[in-house]
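The numbers here are math on the coordinates, done by the rules we state, and not lab data. Just so it is clear, the structure is predicted and the values come from calculations on it, not from any experiment. Neighbour counts run over all protein chains shown; Cβ positions are idealised from the backbone, glycine included.
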Amino acid sequence: MLALTTTGDDLLLHVTEVPDPEPGPTEAVVRVLATSLNRGEVSRVRNSPAGQLVGWDVAGVVERPAAGGVGPEAGTTVVGLVLNGAWAELAAVPVDRLAAVPDGVTPVQAACMPVAGLTAFRALALGGFPVGKSVLITGASGGVGHLAVQLARAAQMTVTGLIRNPEANPVAAAACHHVVREIRDAKGPYDHVLEGVGGEVLTHCLDVVAPHGTVVSYASTLMDPAALGPRWFGAHLGATLRSMLIHDELRYTESAVSDLGTLCALIGAGLLVPHVDVEADWTRGGELARDLLARKVTGKVVLTIGPR
């Protein structure tokens with residue numbers, strides 16, 4: 001089969017011939033139709049030696065079901081995630097991370113859900129989906145942030161989004177109740193905070209969380225340290241800072257199948273619209289990975305994988 005593999009240099013990725021996957025007893029072989037790029041995995045690509053299989057998000061059709069009849073049947077359109085190897089014609093996907101895609105949801109839409117969608121969904125779930133409460137979402141125009149804004153609004157939360165250039169992201173800005181350009185303009189207090197930037201942004205988020213509120217840190221693009229103020233504990237009684245990485249979270253909750261099903265159902269109902277900034281043939285994977293690292297795109301980059 002063909003797959004995008006690492007080059008070990010500034011090109012990042014290229015299409016090469018590799019062996020077909022060898023599935024375990026609880027893995028289905030999926031013919032991949034679409035996959036998306038996430039900043040975390042692209043950062044790993046930049047630091048990987050040549051010849052590595054990479055990629056997390058899978059949307060496609062089951063070609064060979066898992067042994068023993070568990071999981072989706074052959075021919076089922078599915079969405080799921082793997083630790084490595086999604087950017088390929090075939091992927092072996094654990095059935096506990098593989099959900100059927102309902103009619104009306106395209107593979108391109110579904111491909112945005114495994115990492116970005118589940119991160120947004122689980123980050124809100126850690127706060128108990130506080131209906132009617134206030135939420136601050138940093139990076140609200142990004143792949144995770146834009147989905148989190150929509151999910152929070154569906155839960156009738158009042159959403160403030162950090163978007164540094166709302167004029168360049170009018171759809172994302174319009175989805176928020178309030179938009180701030182700089183984190184210092186977020187006054188709070190907020191019952192729940194979704195934070196994916198780190199550094200001084202995380203520091204300020206900790207300053208504006210409400211007592212008994214929750215800050216969920218799911219990524220860090222800034223390497224500067226965050227800090228707690230000298231009177232933080234007294235001013236934010238009962239507040240929680242929770243770190244989250246989605247692969248670890250799913251091992252802990254075992255909720256990938258149900259959560260992916262919920263996200264796809266919300267897409268089908270028109271309550272969740274993935275922001276696909278670029279949809280392109282997967283042969284452009286290296287170029288678009290470089291664009292993502294250079295922040296030339298803000299929404300999701302989806303690669304489509306057609307037949308040879």
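If you place +1 on the Cβ of every Lys and Arg and -1 on the Cβ of every Asp and Glu, how big does the dipole about the Cα centre of the range 127-243 come out, in debye to the nearest 20? Provide the component values of the computation, followed by the final result.
Working: 8 positive and 8 negative charges, 45 e Å.
Charge dipole of the range 127-243: 220 debye, to the nearest 20.
Name the residues whose placed amide hydrogens come within less than 5 Å of the amide hydrogen of LEU90, ignoring near sequence neighbours (fewer than 5 apart) on the same chain.
Those qualifying (amide H under 5 Å, at least 5 residues apart or on another chain) are VAL32.
ARG64's amide H: which non-local residues (gap 5+, or another chain) put their own amide H closer than 5 Å, with H modeled 1.01 Å from N in plane and none for Pro or chain starts?
Here the answer is VAL29, since their amide H atoms fall under 5 Å of that of ARG64.
Just add up the charged neighbours of LYS296: K/R +1, D/E -1, any other residue whose Cβ is under 11 Å from the Cβ of LYS296.
Numbers: positive: ARG290, ARG295; negative: ASP277, GLU287, ASP291.
With Lys, Arg at +1 and Asp, Glu at -1, the net is -1.
Roughly what would the spin-label model give for HIS247 and HIS212, points 7 Å off Cα along C-beta, in nm?
3.7 nm
Give the residue from LEU303, VAL209, PRO225 lying farthest towards the positive end of the charge dipole for the chain; charges sit on Cβ (+1 for Lys and Arg, -1 for Asp and Glu) and the dipole is referred to the Cα centre.
VAL209
Using Cα-Cα distances under 8 Å and only pairs 6 or more residues apart, what relative contact order does the range 127-243 have, in percent? Present the calculation step by step, with values, prior to reporting the outcome.
Numbers: 250 pairs, mean separation 25.6, N = 117.
It comes to 22 percent, rounded to a whole number.
Grab the Cα-Cα distance for LEU222 and THR203, subtract it from 0.36 nm times how many residues apart they are, and report the gain in nm with one decimal.
Numbers: separation 19, 0.36 × 19 = 6.84 nm, distance 1.16 nm.
So the chain would gain 5.7 nm between LEU222 and THR203.
Using a 10 Å cut-off around each Cβ, can you sort SER43, SER255, SER134, SER141 from fewest to most neighbouring Cβ atoms? Don't skip to the answer; put the middle values down first.
Numbers: SER43 14, SER255 17, SER134 21, SER141 27.
By the 10 Å Cβ count, ascending, the order reads SER43, SER255, SER134, SER141.
Charges only on Cβ, +1 for Lys and Arg, -1 for Asp and Glu: so what's the dipole of the chain about the Cα centre, in debye to the nearest 20?
Numbers: 22 positive and 30 negative charges, 162 e Å.
In debye, rounded to 20, the chain gives about 780.
Only bridges with both residues in the chain count here: give the DSSP antiparallel percent, nearest 5. Present the calculation step by step, with values, prior to reporting the outcome.
Values: 29 of 53 bridges.
The answer is about 55 percent antiparallel.
Run the dipole for the range 22-140 about the Cα centre, Lys and Arg Cβ at +1, Asp and Glu Cβ at -1, nothing else charged, and hand back the magnitude in debye, nearest 20.
Values: 8 positive and 9 negative charges, 105 e Å.
Using Cβ point charges on Lys, Arg, Asp and Glu, the range 22-140 gives about 500 debye.
What shape does the chain have by the C-alpha gyration tensor, where a ≥ b ≥ c are the square roots of the eigenvalues, rounded means a/c under 1.5, and otherwise prolate means a/b greater than b/c and oblate the rest?
Values: a/c = 1.91, a/b = 1.60, b/c = 1.20.
It is prolate, given that a/c is not under 1.5 and a/b is the larger ratio.
Considering only C-alpha atoms, what is the centroid distance from the range 60-135 to the range 161-198, in Å?
Taking the Cα centre of each part, the range 60-135 and the range 161-198 sit 27 Å apart.
Would you kindly state how much longer the chain becomes between HIS177 and GLU254 on full extension, computed as 0.36 nm times their sequence separation minus their alpha carbon distance, in nm to one decimal? Don't skip to the end; give the middle numbers.
Numbers: separation 77, 0.36 × 77 = 27.72 nm, distance 3.26 nm.
Result: 24.5 nm gained on full extension.
Along the charge dipole of the range 1-140, Cβ charges K/R +1 and D/E -1, which of GLY117, THR35, GLY139 sits furthest on the positive end?
Looking along the dipole axis, the top candidate is GLY139.
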